[in-house]
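The values are calculated or read from the model by the stated rules, or taken from the named source; none is laboratory data. Worth saying up front: this structure is predicted, and the values here are computed from it rather than measured. Quick reminder, even Gly has a Cβ in these numbers, built from the backbone with ideal geometry, and neighbours come from all protein chains shown. Quick note on the areas: whole protein, heavy atoms, side chains included, nothing else; ligands and nucleic acids left out. Shrake-Rupley method; radii C 1.70, N 1.55, O 1.52, S 1.80 Å.
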Amino acid sequence: MDRETIVRKFGTLNLASMDGARAAHKPLLVVHAIGELMRGKVRLLPFSQIDKVLGELLSEFGTWRSRHGTHYPFWRLQNDGVWEVPDSDKVRLTASGDPFKGDLIKYNVHGGFTEEIAHTLKSDPGLTTEIIRIILDGHFPRETLQEDILQRVGIELKSTGMIRHMRDPNFRPRILKAYEYQCAVCGFNVRLGQKLVALEAAHIKWHHYGGPDSETNGVALCSLHHKLFDLGAFTLSPNLEILVSDDAYGTSGFQEWLNRFHGKELKGPQRKPYRPNEDFTRWHFKEVFKGDYREL
């Protein structure tokens, strides 16, 4: 199967969408499966794992009504010529041709990209990146959701669009748990239903400069303070004091969201072994922080 055919297959997935209704099931499953494949995991994934991970992705990035239908894309991707379910003969089907979800779990049914497509994706990073972009650009706004989705499935792209690193998709949940599901600067912890909104796991020493996906190199920040931290508007002292740059200024919002935290101690993690490592905070101070910090 040539490159153009593979691109066409992923670009024309048969989606159960009509009258403008969103169909996020297959796109989210595809990017999750690509992430697993690129991390060197096995090609065929157990439905029990996909049920959990895809359910969480659908709950956050799909529609409210879609979060339980994980078995549909797992089965129906076979019709698009990119996916196979070798144990399909074990599963009973409904009148509409869909599997009984209980059978997928009971018989530990696995599914994944076909051998030919999996081999091509692993050997051609440019093609893999193109498919990721086609899938995401076709179904999710780039400005607000795509980076969050990539983080959840453990994929990081370079500014050129090529795959840079494969992240640990468990980094975010481990960091948020360590910081008790709130921003370590301002305490922000808004939820939409059961899901946290705009709360992120920030690397102190950036991942693509060798920073590990460990609790000692992470801190939970709301999206605003994550952006300010990565831009160098504030940093952390060895004692985990928040130090605001003297190059940062403003009228509306500056005092409320940045300067009032200057000199205050970061809300630390619930366990001492998870406290940020001084080597990582020193790197951030040297390589990211801009200007000098204000007088304490």
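Overview of values
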{"item": "Centre separation in Å (Cα based) which lies between region 103-138 and region 167-195", "result": "29 Å"}
{"item": "Protection proxy ranking, peptides 72-78, 270-276, 215-221, average beta carbon neighbours within 10 Å, highest first", "result": "215-221, 72-78, 270-276"}
{"item": "Sequence of R294, R3 from largest to smallest accessible area, 1.4 Å probe", "result": "R3, R294"}
{"item": "Rounded to the nearest 10 Å², the accessible area of K205 at probe 1.4 Å", "result": "50 Å²"}
{"item": "Cα-centred dipole magnitude for the chain, charges only on beta-carbon of K, R (+1) and D, E (-1), debye, nearest 20", "result": "620 debye"}
{"item": "Ratio Rg/Rh [Cα only; Rh per Kirkwood] for region 137-296", "result": "0.95"}
{"item": "Modelled label reach - D246, point 7 Å along Cα→Cβ, region 274-290 residues with backbone N closer than 15 Å", "result": "290"}
{"item": "Positive dipole terminus of the chain, leading residue within P73, F100, P27 (C-beta point charges)", "result": "F100"}
{"item": "The chain - percent of accessible surface contributed by carbon and sulfur, probe 1.4 Å", "result": "50 percent"}
{"item": "Phi-based couplings in Hz for region 105-112 (Karplus 6.51, -1.76, 1.60; Gly and Pro marked x)", "result": "7, 4, 9, 6, 6, 10, x, x"}
{"item": "Rounded, prolate or oblate (a/c below 1.5 giving rounded, otherwise prolate when a/b exceeds b/c) for region 182-266 by Cα gyration tensor", "result": "oblate"}
{"item": "Theoretical FRET efficiency, 1/(1+(r/R0)^6), r = Cβ-Cβ of E147 and T114, R0 30 Å, to 0.05", "result": "0.55"}
{"item": "Accessible area, probe 1.4 Å, largest first, for residues H25, H226, H119", "result": "H119, H25, H226"}
{"item": "Max mean-square fluctuation residue, GNM over the chain, Cα-Cα springs under 10 Å, options T114, T251, T94", "result": "T251"}
{"item": "Most positive-pole-ward Cα, M1, L296, F188, against dipole of the chain from beta carbon charges", "result": "F188"}
{"item": "Nearest-20 debye value, region 21-126 charge dipole, Cβ charges on Lys, Arg, Asp, Glu", "result": "340 debye"}
{"item": "Region 30-109 - convex hull of the alpha-carbon atoms, volume per residue in Å³", "result": "100 Å³"}
{"item": "Residues with amide H under 5 Å from that of Y293, placed H, sequence gap 5 or more", "result": "D246"}
{"item": "Global form of region 80-213, assessed from the alpha-carbon gyration tensor, a/c cut-off 1.5", "result": "oblate"}
{"item": "Label-reachable residues, region 78-94, where backbone N falls under 20 Å from a point 7 Å from D2's Cα toward its Cβ", "result": "81-82"}
{"item": "MRE, 222 nm, helices only [DSSP H, n ≥ 4, -39500 (n - 2.57), over the chain, to nearest 500]", "result": "-11000 deg cm²/dmol"}
{"item": "Residue of L231, L104, L258 that the Gaussian network model of the chain assigns the largest fluctuation, springs spanning Cα pairs under 10 Å", "result": "L231"}
